[in-house]
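Input: a single structure, listed below in structure tokens.
The values are calculated or read from the model by the stated rules, or taken from the named source; none is laboratory data. Quick caveat: nothing in here was measured; it's all calculated off a predicted structure. A quick note on method: Cβ atoms are made from the backbone with ideal geometry, for glycine too, and the neighbour counts reach across all protein chains shown. We work out accessible area using only protein heavy atoms, side chains counted, and drop any ligands, DNA or RNA first. Shrake-Rupley method; radii C 1.70, N 1.55, O 1.52, S 1.80 Å.
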Amino acid sequence: MTRVAIVTGGTRGIGKGICLALKGKGMTVIANYARDDTAAAAFTEETGIPAYKWNVGDHEATIEGCARVAAEVGLIDVLVNNAGITRDGTLHKMSFEDWNEVIRVNLGGCFNMAKATFPGMRERGWGRIVNIGSVNGQAGQYGQVNYAAAKSGIHGFTKALAQEGAKFGVTVNAIAPGYVDTDMVAAVPKPVLDKIIHGIPVGRLGHADEIARGVAFFCSENAIFVTGSTLSINGGQHMY
Ligand code: CAA
């Protein structure tokens, strides 16, 4: 049976790597994206994976978007909540809007997407949800109270929903990536990033496919006994 998977923020960065990994496992994959039409068109052209545009931080748009995907492609069996934004700044400089927007997209997006897809997985007795957290949700990060709070929230969200899905064949797990060579990380000022890389025992940034392999494991048929779990993929930057 071909499973239908949706990856939010799937046209670039880690999300793109996840789309390719799940496609490689034989799934029918759909990418969601919110902003960059040019990147989305290039992604579809390169991979053959359709890209659907809506902001996962918008509840109504998400419900409507997932209904469109279900009607045009198929019922969603696998959800990867990958979409995320940064609005970095120390708290004393951070605006309420920068706080709110990061919580709305990074954490609210997980709720909105799960609202749209989890009930169907539960009814059909099979589902996989993988939420992309962050090392910075586990360890905190200077200049990221908004992002760290949202990502930390994702880890709690994962464990709570895992308990609700367990007896319905729906697993809910999280990956906590470290610093990966994406546009998001490239936006970190170079001296700051150099210092961060210096603190990674493996001595380099991660690659999207290294995160994607973990996601593919959680989404596999035989990972049914793995739920509520967090897999850290961070080059040894944070261990606990
Ligand atoms: N701990 C303690 N002090 C720190 C610090 C740290 N980690 N980092 C900076 N400081 C200090 C600086 O030394 C400086 O102090 P002095 O003025 O006494 O020298 C002070 O804080 C101000 O630092 P900046 O000059 O950097 O301040 P800024 O206002 O220009 O920038 C910032 C602040 C925007 C937070 C900037 O430091 C920054 O971008 N940091 C990187 C944040 C980061 O790692 N984001 C991750 C994005 S990628 C991602 O999130 C993906 C993922 O999941 C991993």
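Annotations
- Carbon/sulfur fraction of accessible area - region 4-233, other protein chains in place, 1.4 Å, %: 57 percent
- Evaluated at q = 0.20, 0.22, 0.26 Å⁻¹, the base-10 log of the normalised Debye intensity for region 114-185, with identical point scatterers placed on the Cα atoms, takes the values -0.81, -0.89, -1.06.
- Cα gyration tensor category, rounded, prolate or oblate, for region 4-233 with a/c compared to 1.5: rounded
- Full-extension gain in nm, E164 to D209, via 0.36 nm per residue minus C-alpha separation: 13.2 nm
- Which of A160, I211, V188, positive extreme of dipole for the chain (C-beta unit charges): A160
- Cα-based Lys proximity count in the chain, under 20 Å, for pairs eight or more positions apart or on separate chains: 10
- At 0.692 mPa s and 37 °C, Stokes D of region 131-223 from Kirkwood alpha-carbon radius, µm² per second: 225 µm²/s
- For the chain, built as a Gaussian network whose Cα springs stay under 10 Å, the top-fluctuating residue of F218, F43, F118: F43
- Filtered chymotrypsin sites (Phe, Trp or Tyr not before Pro), region 62-146: DSSP coil and at most 15 other beta carbons within 10 Å: Y142
- Loop-located trypsin sites (Lys or Arg not before Pro) in region 108-204 (DSSP state other than H, G, I, E, B) with a sparse environment of at most 13 neighbouring Cβ atoms within 10 Å: R204.
- Net charge over other residues, Cβ less than 10 angstrom from the Cβ of F168 (K, R count +1; D, E count -1): +1
- Highest-fluctuation residue, A160, A21, A114 considered, GNM on the chain with Cα pairs under 10 Å: A160
- For region 4-233: relative contact order, % (alpha-carbon pairs under 8 angstrom, 6 or more apart): 21 percent
- Charge dipole (the chain, unit charges on Cβ, about Cα centre) - positive-most of H59, I14, F43: I14
- For the chain, built as a Gaussian network whose Cα springs stay under 10 Å, the top-fluctuating residue of L20, L91, L75: L91
- Only Lys, Arg (+1) and Asp, Glu (-1) charged, at Cβ; region 4-233 dipole about Cα centre in debye: 500 debye
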